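Notes for the one structure printed next.
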Amino acid sequence: MNTTTTEPSARRQAATDPSARRQAADDPLRLTLVVGSNRHGRFGPVVADWLLDRIRDRDDVVAEVVDVAEADLPMSLEPTPEATAALSGITPKLARADAFVVLTPEYNHSFPAGLKNLVDWHFTEWQAKPVGLVSYGGLSGGLRAVEHLRQVFAELHAVTVRDTVSFHNAGAAFDDRGALRDPSGPDAAAKAMLDQLVWWGRALREARVNRPYGG
């Protein structure tokens, strides 16, 4: 499976040409939003749409989406033709990303099996890249799922940023049109998380160009 979309010549140029390094540092961060729920009647798309609006307000990030509900991946981790076909629409989006935001609900004190399966189908695509975590749920706001994801991404040599965005009693936080009833807190939390993600994303992008990660 693909692990990068950067041409070797481009990497060599960036490593030897100071102007190329400066240009790469200033380029918008390529961010992949992973929507982690595939449950029937899921609430995830409401939160995802809100988050994408926050991302589009920025000029330092460009985003694309991977949706677990649209990923028909077997649980066997066997590279069958069907799995290869499903991965062809997912792996390139992860490989070319400089950073990720993973949006997760909380199922039984953890994150969904479909999200774990998508994560496990990949390895090098996550390495030496930052991950922001957004969660939603009932009283806990999905924070137990977030803490489990931190352990998973640490094993994959990814860096989770400190600040998260969480929606407690998420259904009541949004109105019937999908707008937040009180956006001030979540908007501030999203800005803090995205600011950290951009810092780490740019730093690690430059590091991967100059000193390829060998973990």
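The values are calculated or read from the model by the stated rules, or taken from the named source; none is laboratory data. All values derive from a computational prediction rather than experimental measurement. Backbone-built Cβ (ideal geometry, glycine too); neighbour counts: all protein chains shown. Keep in mind that these areas ignore ligands, DNA and RNA; they rest on the heavy atoms of the full protein, side chains included. Shrake-Rupley method; radii C 1.70, N 1.55, O 1.52, S 1.80 Å.
Brief remarks on what is shown
- Percentage relative contact order, the chain, counting C-alpha pairs under 8 Å, at least six apart: 22
- Integer Hz, Karplus 6.51/-1.76/1.60 couplings in order for region 66-79, x for Gly and Pro: 10, 10, 4, 5, 9, 9, 8, 9, x, 7, 7, 6, 8, x
- Take the Cα of Asn108, step 7 Å toward its Cβ, do the same at Asp175, and the gap between the two points is 3.8 nm.
- The gain in end-to-end length when the Ala188 to Asp57 segment is fully stretched comes to 45.8 nm, 0.36 nm per residue minus the alpha carbon separation.
- Fraction of the pair-distance distribution of the chain above 33 Å, Cα-Cα pairs, percent: 15
- Normalised contact order of region 40-165, rounded percent, pairs of Cα under 8 Å and 6 or more residues apart: 22
- Modelled spin labels at Gln151 and Met75, positioned 7 Å past Cα toward Cβ, are 2.0 nm from each other.
- Multiplying the residue separation of Asp195 and Ala25 by 0.36 nm and subtracting their alpha-carbon distance yields 59.7 nm.
- Distances between placed amide hydrogens fall under 5 Å for Ser166 paired with Ser135, all partners being 5 or more residues away or on another chain.
- Taking the DSSP beta bridges with both ends in the chain, the antiparallel portion is around 10 percent.
- Working from the Cα coordinates of region 88-139, the gyration tensor eigenvalues give, after taking √(5λ), semi-axes of 22, 13, 9 Å in decreasing order.
- Computed over region 26-135, the Cα gyration tensor eigenvalues convert (square root of 5λ each) into semi-axes of 22, 18, 12 Å, ordered from largest to smallest.
- The apolar share of the surface of region 61-215, taken as the fraction of accessible area on carbon and sulfur atoms (1.4 Å probe, ligands and nucleic acids excluded), comes to 54 percent.
- Note on Thr84/Arg39: beta-carbon distance plugged into 1/(1 + (r/R0)^6) with R0 of 30 Å gives a FRET efficiency of 0.70.
- Shown for the chain are the DSSP H helices of 15 Å or more along their axis, judged by Cα atoms, with a mean Kyte-Doolittle hydropathy of at least 0.0: 44-56.
- With a Förster radius of 22 Å applied to the beta-carbon distance between Glu64 and Thr124, the computed FRET efficiency rounds to 0.70.
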